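Visitor: First, the structure itself, so that you have it in front of you.
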Amino acid sequence: MSFYTMTLTDSSDTMTMTLLEIPIEDKDVEGTADNTTIDGNVFTDYLWLKKQWSQKWSIMDATTYAQLRGFYTRQFTDGEVPTYALAEGDGTPIYSATPVRLVLTDNGVIDNCETRQNVQIKMRETTQ
């Protein structure tokens with residue numbers, strides 16, 4: 001069975017999680033501008049290419065969720081984006097210390113222990 005480790009870091013905290021729920025969505029986000037000339041031809045300005053990742057957990061305990069939410073909240077309170085690193089289970093790096101804009105999706109509390117269901121994060125590469 002293959003697995004990955006994901007690490008989020010900012011100046012206040014570091015969180016490393018073993019990801020057993022695969023796949024991690026990994027996609028390119030491109031910044032392009034298509035221009036049409038007077039004779040109907042199209043040319044494209046290729047401006048930038050960034051990565052975007054998302055990860056979903058079907059169940060997450062309250063402590064882990066609170067730590068994850070801390071990274072999300074500190075983007076607004078401290079103006080600091082976390083860095084994201086992904087490695088294979090044996091430690092081989094796939095992505096290392098990439099600054100990301102982290103979005104935490106809505107989810108539901110499913111019991112009195114505040115266990116969360118369907119937690120998803122989306123992380124978009126940035127330069128901050």
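The values are calculated or read from the model by the stated rules, or taken from the named source; none is laboratory data. As the structure is a prediction and not an experimental result, all values here were calculated from the model. Cβ atoms come from the backbone with ideal geometry, glycine included; neighbour counts cover every protein chain shown.
Visitor: Would you confirm whether any residue within segment 51-70 is farther than 21 Å from Met6 by Cβ and charged (D, E, K, R)?
Guide: If we filter segment 51-70 for residues that are farther than 21 Å from Met6 by Cβ, which is where we start, we get none.
No, that holds for no residue.
Visitor: Does segment 74-109 hold any residues that are in contact (Cβ under 8 Å) with a residue 24 or more places away in the chain and of a type in the set (A, V, I, L, M), and which are they?
Guide: Val81, Ala85, Leu86, Ala87, Ile94, Ala97, Val100, Leu102, Val103, Leu104
Visitor: Looking at segment 72-127, which of the residues that are in a strand (DSSP E or B) and of a type in the set (Gly, Ala, Ser) is nearest to Phe3 (Cα to Cα)?
Guide: Filtering segment 72-127 for residues in a strand (DSSP E or B) gives 83-88, 93-104, 108-109, 116-125.
Subset that is of a type in the set (Gly, Ala, Ser): 85, 87, 96-97, 108.
Working: Ala85: 14, Ala87: 9, Ser96: 17, Ala97: 19, Gly108: 26 Å.
The qualifying residue nearest to Phe3 (Cα to Cα) is Ala87.
Visitor: Only residues that are exposed (fewer than 15 other Cβ atoms within 10 Å of the Cβ), in a strand (DSSP E or B) and either at pLDDT 95 or above or not polar (S, T, N, Q) (or both): list them for segment 55-71, please.
Guide: Ile59
Visitor: Do any residues in segment 114-125 that are at positive phi and free of Cβ contacts under 8 Å to residues at least 24 places away in the same chain have Cβ atoms under 7 Å from those of residues that are in a strand (DSSP E or B) and of a type in the set (Phe, Trp, Tyr), where the two are at least six apart or on different chains, and which pairs are they?
Guide: Close Cβ pairs (under 7 Å, with a partner that is in a strand (DSSP E or B) and of a type in the set (Phe, Trp, Tyr)) do not exist here.
Visitor: The conditions are (1) under 15 Å from the mean Cα position of the chain (by Cα); (2) loosely packed, with under 11 Cβ neighbours inside 10 Å, and Lys50 fails exactly one of them. Which is it?
Guide: (2)
Visitor: Among Thr32, Thr9, Thr44, which is the only one that is without any contact (Cβ under 8 Å) to a residue 24 or more places away in the chain, of a type in the set (Ser, Thr, Tyr) and within 21 Å of Thr126 (Cα to Cα)?
Guide: Details: Thr9 fails: without any contact (Cβ under 8 Å) to a residue 24 or more places away in the chain; Thr44 fails: within 21 Å of Thr126 (Cα to Cα).
Unique residue meeting the criteria: Thr32.
Visitor: Of all residues being among the small types (Gly, Ala, Ser) and assigned to a strand (DSSP E or B) in segment 1-54, which is farthest from Asp78 (Cα to Cα)? Just the residue, please.
Guide: Within segment 1-54, the subset among the small types (Gly, Ala, Ser) is 2, 11-12, 31, 33, 40, 54.
Now restrict to residues that are assigned to a strand (DSSP E or B): 31, 33, 54.
Numbers: Gly31: 28, Ala33: 33, Ser54: 23 Å.
Among residues in segment 1-54 that are among the small types (Gly, Ala, Ser) and assigned to a strand (DSSP E or B), the one farthest from Asp78 (Cα to Cα) is Ala33.
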